[in-house]
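Engineer: Handing you a structure now.
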Amino acid sequence: MVAAVVAVVGLWYSNVQTRQANEQARDDRALAKEGQITDRYTAAVGNLGEDKMDVRLGGIYALQRIMQDSRRDQPTITNVLATYIRTHTTKPPDKGQEVPADVHAALTVLATRDSTRDGTGFFLLDLRGVKLPSVDLPGAPISSVALHRVDLSEADLSSAFLRNTDLSKARLIRADLSGAVLEGADLHEANLQRADLERADLRDADLTGAIMNGADLRGADLRGSRVSKHQIESAITDSSTWVS
């Protein structure tokens, strides 16, 4: 009987030791992975300040990969890329020039991210005042181009191609969206107060609950859009405004 008890105790002790060793190994792997992500993040952010375009692009796509690998780091990286865009678009491109490739890449990374990983608290993507005329976002389904809860107040998005883009609950106060293509865009509950939407293509757009007080809709095409009579009346319109 004594021998049996000793055997049972020995087996229990062996199991405890094995479990502790496995837990320690798991903790060591997690710590090593965290260290690798920190090193990758530091290197990627450092590349954003380099002079060569290809190095900066490498830094942007490295940050995108880290977002995909580490859910907890997505809000931080999203804010880093938004800051990068703001600081590099204080002035519009020279006439005849397109939005720089690195800025376009950073915007595309933000627009195609998995926004469900932005965190449980209130998250607002800050792109206030950016100058991105004629910018062209990927022509992807609305579910994969997400700029909802973004602050684009006073941004220059004139002639931008934003077809099917999710701009729900976005702040677009006094934004220049003149001539922009917003066909099929999700703008429900967006704030479009005093936004310039002259000649904008808003066909089939969802404007449910959007604030449109003082928005300029002269020459805009709203055929097929989800918009109320009250919203139209609160905006600036004329005979050139197309409403179904």
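The values are calculated or read from the model by the stated rules, or taken from the named source; none is laboratory data. Quick caveat, the model's predicted, so the values are computed rather than measured. Neighbour counts run over all protein chains shown; Cβ positions are idealised from the backbone, glycine included. Surface areas here come from the heavy atoms of the whole protein model, side chains and all, with no ligands, DNA or RNA. Shrake-Rupley method; radii C 1.70, N 1.55, O 1.52, S 1.80 Å.
Engineer: Hey, can you find the accessible area per residue of segment 122-244 for me, probe 1.4 Å, expressed in square angstrom?
Structural biologist: On a per-residue basis, segment 122-244 sits at 43 Å².
Engineer: Given a Förster radius of 41 Å and the C-beta distance between S234 and T76 as r, what FRET efficiency does 1/(1 + (r/R0)^6) yield to the nearest 0.05?
Structural biologist: Efficiency computed from Cβ-Cβ geometry: 0.60.
Engineer: What is the Cα centroid distance between segment 144-169 and segment 170-190, reported in whole angstrom?
Structural biologist: 6
Engineer: Can you check what the Kirkwood hydrodynamic radius comes to for segment 169-244, Cα pairs only, in Å to one decimal?
Structural biologist: It works out to 11.4 Å.
Engineer: Report the calculated FRET efficiency for N213 and T83 (r = Cβ-Cβ distance, R0 = 25 Å), to the nearest 0.05.
Structural biologist: With a Förster radius of 25 Å, E is 0.25.
Engineer: Where in segment 95-122 does the amide nitrogen come within less than 16 Å of the point 7 Å from the Cα of D54, taken along Cα to Cβ?
Structural biologist: The answer is 101-102, whose backbone nitrogens lie closer than 16 Å to the label point.
Engineer: Please tell me which of these pairs span more than 28 angstrom C-alpha to C-alpha: K52/K95; K95/K169; K91/K229; K95/K229?
Structural biologist: Violating the 28 Å limit, Cα to Cα: K95/K169; K91/K229; K95/K229.
Engineer: Now for a separate question. Based on the mean of other beta carbon atoms within 10 Å per residue, what is the order of 37-43, 161-167, most packed first?
Structural biologist: Descending mean neighbour count gives 161-167, 37-43.
Engineer: Which length gain, in nm to one decimal place, applies between L124 and Y61 when the Cα-Cα distance is subtracted from 0.36 nm times their residue separation?
Structural biologist: 20.5 nm
Engineer: Now for a separate question. Quick one: grab the alpha carbon gyration tensor of segment 35-173, order the square roots of its eigenvalues as a ≥ b ≥ c, and give me rounded if a/c is under 1.5, else prolate or oblate depending on whether a/b is larger than b/c.
Structural biologist: Oblate shape, in that a/c is at least 1.5 and b/c is the bigger or equal ratio.
Engineer: Give, in nm to one decimal, the length gained when the segment between Q68 and S14 is fully stretched (0.36 nm per residue of separation minus the Cα-Cα distance).
Structural biologist: 15.6 nm
Engineer: In addition: Counting only DSSP beta bridges with both residues in segment 106-244, tell me the antiparallel percent, nearest 5.
Structural biologist: 0
Engineer: Could you work out how much longer the chain between S244 and I37 gets when fully extended? Use 0.36 nm per residue separation minus the Cα distance between them, nm to one decimal.
Structural biologist: The span from S244 to I37 would gain 69.3 nm if fully extended.
Engineer: For segment 86-226, give the percent of accessible area contributed by carbon and sulfur heavy atoms, probe 1.4 Å, rounded to a whole number.
Structural biologist: 45
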